[in-house]
1. Just one of the numbered conditions (1) in the same structural domain as LEU389 (by TED's automatic domain parsing); (2) out of contact with any His (no Cβ under 7 Å at 6 or more places or on another chain) is not true of VAL239; which one?
2. Looking only at segment 369-383, which residues are assigned to a helix (DSSP H, G or I) and in contact with a helix residue (DSSP H, G or I) (Cβ under 6 Å, 6 or more places away or on another chain)?
3. Residue check: is LEU141 crowded, with 20+ Cβ neighbours inside 10 Å, in contact with a strand residue (DSSP E or B) (Cβ under 8 Å, 6 or more places away or on another chain) and not basic (Lys, Arg)?
4. Could you run through segment 146-190 and say how many residues are touching a helix residue (DSSP H, G or I) at 6+ places or on another chain (Cβ under 7 Å), crowded, with 16+ Cβ neighbours inside 10 Å and not small (Gly, Ala, Ser)?
5. Restricting to segment 310-347, name every residue that is surrounded by fewer than 16 Cβ atoms within 10 Å (Cβ to Cβ) and either β-branched (Val, Ile, Thr) or not assigned by TED's automatic domain parsing to the domain that holds ARG366 (or both).
6. Would you be able to tell me the number of residues in segment 289-304 that are more than 30 Å from VAL200 (Cα to Cα) and in contact (Cβ under 8 Å) with a residue 40 or more places away in the chain?
7. Residues ALA3, ALA7, ALA37, ALA15: which one is aliphatic (A, V, I, L, M) and under 21 Å from ARG95 (Cβ atoms)?
8. If a residue must be surrounded by 15 or more Cβ atoms within 10 Å (Cβ to Cβ) and more than 37 Å from the chain's Cα centre (by Cα), how many such residues does segment 23-41 contain?
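The values are calculated or read from the model by the stated rules, or taken from the named source; none is laboratory data. The structure presented is a predicted model; accordingly, all values stated were derived computationally and were not measured. Note that each Cβ is placed from the backbone with ideal geometry, even for glycine, and that neighbours are counted across all protein chains shown.
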Amino acid sequence: MRAATLAFLAGHRRARLEPLTDRLVATIEASNPGYRATRLVPRADLWDSCHDNIRRVLELLAAAVDGARRPGEDGEPPDAAHEAAYDAARATGRRRAEQGLPLDDVLRSFRMGGRLIWDDLVEQARSALDAEELREVGTRLWEVVDETSAQVAAAYHVAERAAVRADEQLRAELWEGLLGGRAKEPGFAHEAARILDVPVSGDYLVVVGERLDSYRLEEALAPRPSVWVRRTGGVVGLVPLGGTSPERVLAVLRDRADGPAGVSAVVSGLAGVDTGMRQASLALRTPGVERVAAFDDCLPDALLLTAPEVAGRLVAVWLGPLLALPAAEQHPLLDTLEAWVATGGSTAHTAARVHCHRNTVINRLRRVATLTGQDRFDGVPPLELGLALRALGAGAHR
């Protein structure tokens with residue numbers, strides 16, 4: 001390319017950078033709805049960005065027209081000069097991602113900038129360049145604009161991914177704080193409510209399960225809002241009741257849950273979520289949970305699970321001698337005791353449950369009385385025996 005063309009481009013850059021910047025800012029504000037409607041980008045920021053990017057595009061255009069091999073071509077890795085050449089583009093991509101402006105609107109502005117630069121070059125070059133030189137300048141210009149736009153998009157996506165990771169980390173920290181009781185601090189509670197989009201106050205149910213499909217449950221509970229998180233070992237959900245009865249929510253959960261789940265009693269606001277978490281976890285640990293267990297329906301088991309020392313003594317006092325027997329002797333006696341407690345002390349109903357004669361039931365109860373030294377096996381089953389059997393089934397005595 002002749003020296004006159006390069007001299008023209010250098011002079012054009014010096015003379016037209018400021019006017020082009022002003023024109024591009026005005027065009028974007030008038031014609032790009034993303035900038036005009038959202039006001040996410042301050043005008044000073046927009047002007048600086050347009051100025052820096054036009055300057056870089058014109059510098060890259062001059063280098064391309066000069067015929068110099070562009071860094072990164074022919075397999076050569078980009079060097080520091082190549083990195084610096086696109087610093088304005090990458091800075092714009094990062095900033096617009098952080099500001100929340102859609103990438104399509106950002107790239108539309110770069111296309112506008114390319115068109116304005118081209119129109120201005122055509123107008124200014126009428127007496128300075130011949131047609132062939134102008135075509136060459138135009139070809140190189142759009143190559144530069146395309147590469148610059150690619151650099152903007154790449155930086156935008158990197159910043160976007162970083163923001164997503166930061167948001168995920170923040171949400172994880174908020175969840176751990178909620179479940180650990182930090183929502184009793186008003187400031188934390190309001191921040192958690194804002195980020196998770198749930199109310200600070202009001203009644204909640206807390207749901208815990210190992211294999212719950214949170215998307216399915218969230219859909220089933222809609223339009224009532226709920227939020228869910230997958231943690232090591234299971235899924236936790238918060239269901240704001242918003243005036244709905246807990247029984248209606250439990251009915252939905254029992255119908256749609258695809259695995260065992262524990263549900264807390266009603267707790268008050270985010271400050272009660274840690275209590276609800278403990279309650280739901282205890283409900284999930286109760287024996288025989290196949291679908292959904294409500295905390296209020298398994299209070300004796302929950303009580304034993306929270307007092308393993310007491311549960312251990314109940315098992316030792318009431319069942320210890322039986323557990324020392326061989327399995328062939330132990331199991332019929334335990335089955336009989338469980339049926340006897342479940343039927344309220346009816347030997348006839350117990351016999352029907354364990355498939356033996358009523359006299360066999362009586363003999364087994366007498367043997368248990370002899371083994372344990374207890375003499376309360378001829379009327380209403382003792383409360384302690386029922387609790388001991390529950391503790392044994394729940395493993396709360398270990």
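1. (1)
2. Kept after step one, since they are assigned to a helix (DSSP H, G or I), are these residues of segment 369-383: 369-372, 383.
Matches in segment 369-383: LEU371, THR372.
3. Details: crowded, with 20+ Cβ neighbours inside 10 Å: yes; in contact with a strand residue (DSSP E or B) (Cβ under 8 Å, 6 or more places away or on another chain): no; not basic (Lys, Arg): yes.
No, not satisfied.
4. Adding up the residues that qualify gives 10.
5. VAL310, VAL317
6. Pass one, segment 289-304, residues more than 30 Å from VAL200 (Cα to Cα): 289-290, 300-301, 304.
The next check asks that each one be in contact (Cβ under 8 Å) with a residue 40 or more places away in the chain; those that pass are 300-301, 304.
Going through segment 289-304 one residue at a time, the tally reaches 3.
7. Details: ALA3 fails: under 21 Å from ARG95 (Cβ atoms); ALA7 fails: under 21 Å from ARG95 (Cβ atoms); ALA15 fails: under 21 Å from ARG95 (Cβ atoms).
Exactly one residue qualifies, and that residue is ALA37.
8. Taking segment 23-41 first, the residues surrounded by 15 or more Cβ atoms within 10 Å (Cβ to Cβ) are 23-25, 27-28, 32, 34-35, 40-41.
Filter again for more than 37 Å from the chain's Cα centre (by Cα), leaving 23-25, 27.
Of the residues in segment 23-41, 4 are surrounded by 15 or more Cβ atoms within 10 Å (Cβ to Cβ) and more than 37 Å from the chain's Cα centre (by Cα).
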